[in-house]
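Single-structure report; data block below.
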Amino acid sequence: MKREPRSKAEQRAETLDQMLDAAEELFSKHGLHGVTLKDVANKVSVHTTLMHYYFKDKASLFEAVFARRANVTSQRRMEALDRYEQQAGDHPTVEGALRAFLDTDFDLYIAGGEGWMNYAAFVAQVSNTPEIGARLMDRHFDPVVLRLVDILTRALKGCSREDIFWGYDFVTGALMHTLARTGRIDKLSDGLCKSEDFAAVKDRLASFMAAGFLALCQKPKAKKR
């Protein structure tokens, strides 16, 4: 059967996806400052002027790469937290909330193939790019993070909001390190653990962090001088 020729719109959409895929891979390895528009153009085999047609500058390309999948992961996490709240009712647990938040993301990376794994490393790069990363994380992830904090607050009755926010900061720090897949744990463990093994991380991270929250919130408060 003869295939219908692609429309101009379909061709443009395919070219744009190729640019975003290439940029995602390059940014995930080299960060904002280690990549140029020319690098991305060369990887896709297009002229740099075509990159400028779609993107004002490198920063706008960086933001477009981030937003493309951020919307997906945020929505899935929010839906997972909705389901968890309905199931838990008046008795949410710290680990249950963390699993809804963390495991949902790991499922995307595990099942999503190379593109999602590149995005995972890219997010780790974004989190360490102060001049643009904080703004992007705020814009795309704040609503779902604050939803998680609200559930944790109900699960940790009597725990201060200060301790809960510090606990979340430690969670996201561990998560970003994991997403970066540096390979350090591979060497330290002599191959017993592998930074690519997101299934192993998923199995452990929420439980580990839940224990940290509980220890932090049960710790006697030091008297202020």
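Rule-based calculations on the coordinates, nothing more; no lab input. Please read all numbers here as calculations on a predicted model, not as lab measurements. A quick note on method: Cβ atoms are made from the backbone with ideal geometry, for glycine too, and the neighbour counts reach across all protein chains shown.
Taking the Cα centre of the chain as the origin, how large is its charge dipole in debye, to the nearest 20, when only Lys and Arg (+1) and Asp and Glu (-1) carry charge on their Cβ atoms?
On the way: 33 positive and 31 negative charges, 104 e Å.
Charge dipole of the chain: 500 debye, to the nearest 20.
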Separation of the Gln87 and Leu192 label points, Cα + 7 Å toward Cβ, nm
3.1 nm
Using alpha-carbon positions, what is the distance between the centroids of region 90-145 and region 30-65, in Å?
24 Å
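Compute the Rg/Rh shape ratio of region 33-98: radius of gyration over Kirkwood radius, all on alpha-carbon atoms. Before the final figure, lay out the partial values.
Details: Rg = 19.7 Å, Rh = 14.9 Å.
Using Cα coordinates only, the ratio equals 1.32.
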What are the ³J(HN,Hα) couplings of region 77-85, residue after residue, when phi is run through the Karplus curve with 6.51, -1.76, 1.60 and θ = phi - 60°? Round to Hz, x for glycine and proline.
5, 4, 5, 5, 5, 4, 4, 5, 4
Just checking my list [x] 23.8, 71; [y] 20.4, 81; [z] 19.3, 59 against Rg and Dmax of the Cα atoms in Å computed from this structure; which label fits?
[y]
Spelling out what I want: for every residue of region 121-128, take phi, set θ = phi - 60°, compute 6.51 cos²θ - 1.76 cosθ + 1.60 (Karplus), and round to whole Hz; glycine and proline get x.
5, 5, 4, 4, 5, 4, 5, 10
Within a Gaussian network of the chain (alpha carbon springs, distance under 10 Å), most fluctuating of Arg135, Arg154, Arg12:
Arg12
Calculate the spin-label point distance for Tyr54 paired with Gln18, positioning each point 7 Å from the Cα along the beta-carbon direction, and give it in nanometres.
0.9 nm
